[in-house]
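Bear in mind that the values in this text are calculations on the coordinates, not laboratory data. Model, not experiment: these values are computed from the prediction. Backbone-built Cβ (ideal geometry, glycine too); neighbour counts: all protein chains shown.
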Amino acid sequence: MRLTYPFLFLVAVLLLAGCGPDGADDDGPVLPSFDRRGMLTEWADEVVIPNLTDLESRLSTLVAAQDTFASAANPANLTALRDAFTQAYLSWQRLSPLVIGKAEEIRLREQLNTYPANVVKIEENALATTPANLDLPSNTAAQGFPAVEYLLYGLEEGALTTGPQHTAYQAYLTQLANRMLALTTTALADWNNGYRAVFIQNDGNSATASIDRTVNDYIFYYEKFLRAGKVGIPAGIFSDDPLPDRAEGLYAGNSLPLFLEALASSRDFFADRGLARYLDALDVRRDGELLSARIIRQFEVVRTTTAGLDSSFADQVTNDNQRMLALYDEMQKLVVLLKVDMLQALSINVDYVDADGD
């Protein structure tokens, strides 16, 4: 069959028409009008670096309070030490959704907040004749905030002040606090000495670009550590029965304040630091409603679901686990909105594997 020029022209037009957004080969929506580099600058200068700076400051206060307590182990100094610990732990919760850069490389999250604490190992390290090697993987659960919490709240009454081993416990407390501060200082120094520029300049739209990696890390934190770690595991979602001993803040009984601080930080990063604006610039909607508005509303639902919960999640899952299961269910709705709807809209591929599905 002889093909005429008009026919060939028509075919070409149809082929071009078929190369619309749904069939595009690029990695995703890059809006010339949306300042991706500006968003990365905001993440660096208004989220990560300030939160690392605050954590370093709070840990410096903790170290100083421990030094004061070691020189005079009285009730007033113990109270001041516990207060410094609580403020540092809350500061960690604000940083925790974005443990990136050098912090990720040195496993800051694992070394500062692996729980439940390994009490046997903590006791072994504290009573040893030589300082423990905290770089060893076997000591991951014997350091950080959970280990300090055990020493401050989990020992028998008087063990830290006048007991026969109080000097050994205090020495281990000093070692733990100094290490937490040193690790945080290392992570912060990297941001202040070159990594900030690298992070901001990597503003492309690919699996290795800063936005893609940071968003993946953020959702991974929400799914694994906030939803599963703080709520799902102690509530027994992944086991036959509740596991109260897996609750964060087990000895201080402050699981709820820690959770709320982490939730607020996660919500604020989405709502106030560019992701919501990015989705709005793309006019991403679900059932006619802006996706950003739906996500922000669900964050609020999660927060209000915590009303009336016991400050201790260990006590909560023991006495009324249905409330915790209800909280988990509301949190799971956010996983779908963030991990499925938002990532699809931004054409970001998930770069991690989970076992519970979405």
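Between Asp287 and Asn133, how high is the FRET efficiency from 1/(1 + (r/R0)^6) when r is the Cβ-Cβ distance and R₀ = 51 Å? Nearest 0.05. Don't skip to the end; give the middle numbers.
Numbers: r = 56 Å, r/R0 = 1.09.
The pair Asp287/Asn133 has a calculated efficiency of 0.35.
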Rounded, prolate or oblate: which fits the range 33-203, taking a ≥ b ≥ c as square roots of the Cα gyration tensor eigenvalues, rounded meaning a/c under 1.5, else prolate when a/b beats b/c? prolate
For each of Ile122, Ile49, Ile233, count neighbouring Cβ atoms within 10 Å of the residue's Cβ, then give the residues from fewest to most. Ile49, Ile233, Ile122
³J(HN,Hα) across the range 175-189 via Karplus (A = 6.51, B = -1.76, C = 1.60, θ = phi - 60°), whole Hz, x for Gly/Pro? 4, 5, 4, 5, 5, 4, 5, 5, 5, 5, 4, 4, 5, 5, 4
Tell me the label only: which of (1) 1.08; (2) 1.11; (3) 1.13 is Rg/Rh (Cα atoms, Kirkwood Rh) as calculated from this structure? (1)
Tell me, what is the percent relative contact order of the chain, built from C-alpha pairs under 8 Å that lie six or more residues apart? 20 percent
Specify the longest stretch of the chain that does not include any exposed loop site, a site being one of the trypsin sites (Lys or Arg not before Pro) with a non-H, G, I, E, B DSSP assignment and at most 14 other Cβ atoms within 10 Å. 108-358
Work out from phi, with θ = phi - 60° and the Karplus expression 6.51 cos²θ - 1.76 cosθ + 1.60, the ³J(HN,Hα) of each residue of the range 42-56, listed in order in whole Hz, and give x for Gly and Pro. 4, 4, 5, 8, 10, 10, 5, 5, x, 5, 5, 4, 5, 5, 4
Rounded to whole Hz, the Karplus (6.51, -1.76, 1.60) HN-Hα couplings of the range 74-85, x for glycine and proline: 10, x, 5, 6, 5, 4, 5, 5, 5, 5, 5, 4
Would you list which lysines come within 24 Å of Lys339, measuring only between C-alpha atoms, while excluding same-chain residues fewer than 8 positions from it? Lys224, Lys230
Per the helix-only model, the chain has a calculated mean residue ellipticity at 222 nm (DSSP H runs of ≥4, -39500 (n - 2.57) each, divided over all residues, rounded to the nearest 500) of -17000 deg cm²/dmol
On a 0 to 90° scale, report how tilted helix 210-220 is relative to the longest principal axis of the chain, with both axes built from alpha carbons and the result rounded to the nearest 10. 60 degrees
